[in-house]
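Enquirer: Let me begin by handing over the structure; questions about it come next.
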Amino acid sequence: MYYLGYTSLESGDLFSGYTFTWAWDNYRDAWSLYRDHFIRSFEYAAIATIAAFLISYPLAYWIAFRGGRWKNVLLLLIIAPFFVTYLIRTLAWKTILADDGIVVSTFQHLHLISPDGRLLATTTAVIAGITYNFLPFMALPIYVSLEQIDQRLIEAAEDLYANRAKAFFRVTFPLSLPGVFAGTLLTFIPACGDFINAQLLGTPKQLMIGNVIQRRFKDVADYPQAAALSFVLMAVILVLIIAYARSVGSERVTTGVA
Amino acid sequence: MTSAVETVSVRRVRRSALARTWAFARRHTLTLFAFLAFVYLLLPIAVVIMFSFNDPLGRFNFTWQGFTLDNWLHPFDYPELGPAVRLSLVIAFFSSIIATAIGTLMALALVRYRFRGHGSMNLLIFLPMATPEIVMGSSLLTLFLNYSVPLGFATILIAHIMFNISFVVVTVRARLAGYDRHLEEAAADLFANPWTAFYKVTLPLIWPGILAGFLLAFALSVDDFVITYLVSGADQTFPLFVWGAARVAVPPQINVIGSAIFFIAVAFMLANVLWQWRRQPKGAV
């Protein structure tokens, strides 16, 4: 019975590679026609991952060390967005960033954007949407690893170094790295393949590789091409993950993910 | 444990007025930052709930027009919305039950027995979670296409069972990790029947894990869009309906259903948090 699931996973993932033997052209086309989309996807995903990290690390730190007995409730608030359907969440951003909405007019008053500037249908909107949607994936692993840190280690460091910043960078931060690592992967991987944010919050200029794959499959029904594209996407992601794991140390990957 | 840290910091803060101000500013910067991050996280939810009470003029529910309860009184008063929600619930129910059954057995096998392919199976469990949804969806779609399986209810169900299994396995396995096998052996010594031992000892002990896995699977199934979108034929689940609707109109009924799902999920979570609080002795927190 469990082998049923086992084989379904296996064949499901091998099948996109099945086109491999038929037409190599698909692969050549995949790269030459959609190189821009690939690069854009990885760029957006990388920026969103960094942004999510910058937002969620202090947040997770605050909950882990200052949360007190409200920790569970605060954690619930972090995962609350999960309870609203992904698409509806993103549509809500459309409402918030709408041209006659509060955010746009405030930004115009503060001269952060030009008086006739927009937020909707810009690269910023797409990246902000991706950051928002994957923020909990970043915050939770970081919280878990911060929470596990033995407070006495930080106290000891403060007794010895006497400087809070130094204690943070020498003790707290290195100890939370497994969480950072897991969070980065959990944010970056789905962000690469995302097409909902680009579709709803962007214009054709912000289309990502996910949009291309989705259109090849559903609108054009060019299955081999789409399969080749998703295979390439998967391969590139794997290479990036391996490179990342090498640079951080593979031991941290396994402890972080498992 | 927090109090120990605070005594350290209190000692440090008392040293000088400057250090005290600095610590005060630092503490509040972090709090303010956390507050802003929460605003960022929760603002869209507030908007979804607020706009479910909106009375839009046109087909798009993007600007505030006026308060109304109509949308909540007639949540399914929009073509195709009702069937879509029903299909979502049906798929979620069956896929989570099947995924929970398979996933629990897989978790038990993985924790208990060493067999050929044990290591690779552990890895394969993680694979669906570490793959972008679009790649998963397209792999499944090509699989169905190659075997010319007609797209529809069955393919959606199969896809949902597949991605849910991994999450159930991980949840149940986490529960099994802290479980004492000697209890089962003791039961076997007393009852002598493996089935009785399973039902009377193992199952009640890992039940919270199984339930958590089921709820997680249900939530993921209701929410899933990308994979469903790729493997569905003419059938529409609720997220697919939203996607289709968003191209031509955004009826406030979408917000009503979205808010309703949110409230139900939060109620479940709150019940769980309260339950844990009650079980924990007061001094422990």
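The values are calculated or read from the model by the stated rules, or taken from the named source; none is laboratory data. Please read these numbers as outputs of a predicted model, since none were measured by experiment. All Cβ positions, even for glycine, are placed from backbone atoms using ideal geometry, and neighbour counts span all protein chains on display.
Enquirer: Given B:Leu176, B:Leu87, which one is among the aliphatic types (A, V, I, L, M), more than 25 Å from B:Trp207 (Cβ to Cβ) and outside any loop (DSSP other than H, G, I, E, B)? If you could, list the steps in order and put the result at the bottom.
Expert: Values: B:Leu176 fails: more than 25 Å from B:Trp207 (Cβ to Cβ).
Answer to the selection: B:Leu87.
Enquirer: Let me ask another. Out of the residues in region B:21-48 that are among the small types (Gly, Ala, Ser) and either more than 7 Å from every other protein chain (Cβ to nearest Cβ) or farther than 21 Å from A:Thr90 by Cα (or both), which is nearest to the chain's Cα centre (by Cα)?
Expert: B:Ala46
Enquirer: Pairs needed: first member in region A:76-96, within 7 Å of chain B (Cβ to nearest Cβ); second member anywhere, in a helix (DSSP H, G or I) and acidic (Asp, Glu); C-beta distance under 6 Å; at least 6 residues apart or different chains.
Expert: From region A:76-96, the pairs are A:Thr85/B:Asp223; A:Tyr86/B:Asp223.
Enquirer: Looking only at residues in region A:138-164 that are free of Cβ contacts under 8 Å to residues at least 12 places away in the same chain and not in a helix (DSSP H, G or I), which one is nearest to A:Leu186 (Cα to Cα)?
Expert: A:Asp150
Enquirer: Taking region B:209-240 as the search range and keeping residues that are acidic (Asp, Glu) and within 11 Å of chain A (Cβ to nearest Cβ), which one is surrounded by the fewest Cβ atoms within 10 Å (Cβ to Cβ)?
Expert: In this case the residue turns out to be B:Asp223.
Enquirer: Among the residues of region B:241-256, is there at least one that is free of Cβ contacts under 8 Å to residues at least 24 places away in the same chain, away from chain A (no Cβ under 11 Å) and part of a helix (DSSP H, G or I)?
Expert: Scanning region B:241-256, I find no residue that is free of Cβ contacts under 8 Å to residues at least 24 places away in the same chain, away from chain A (no Cβ under 11 Å) and part of a helix (DSSP H, G or I), so the answer is no.
Enquirer: Please count how many residues of region B:108-124 are facing chain A (nearest Cβ under 10 Å) and either modelled with pLDDT of 75 or more or at positive phi (or both).
Expert: The total comes to 4.
For every residue, the table says whether it meets (1) of a type in the set (Ser, Thr, Tyr); (2) buried (at least 16 other Cβ atoms within 10 Å of the Cβ); (3) facing another protein chain (nearest Cβ under 9 Å).
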site	(1), (2), (3)
B:Phe94	no, no, no
B:Ile102	no, yes, yes
B:Met106	no, yes, yes
B:Leu127	no, no, yes
B:Leu140	no, yes, yes
B:Leu157	no, yes, no
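Enquirer: Restricting region A:165-208 to residues that are within 8 Å of chain B (Cβ to nearest Cβ) and in a helix (DSSP H, G or I), which is surrounded by the fewest Cβ atoms within 10 Å (Cβ to Cβ)?
Expert: Step by step, filter region A:165-208, then rank; the result is A:Leu200.
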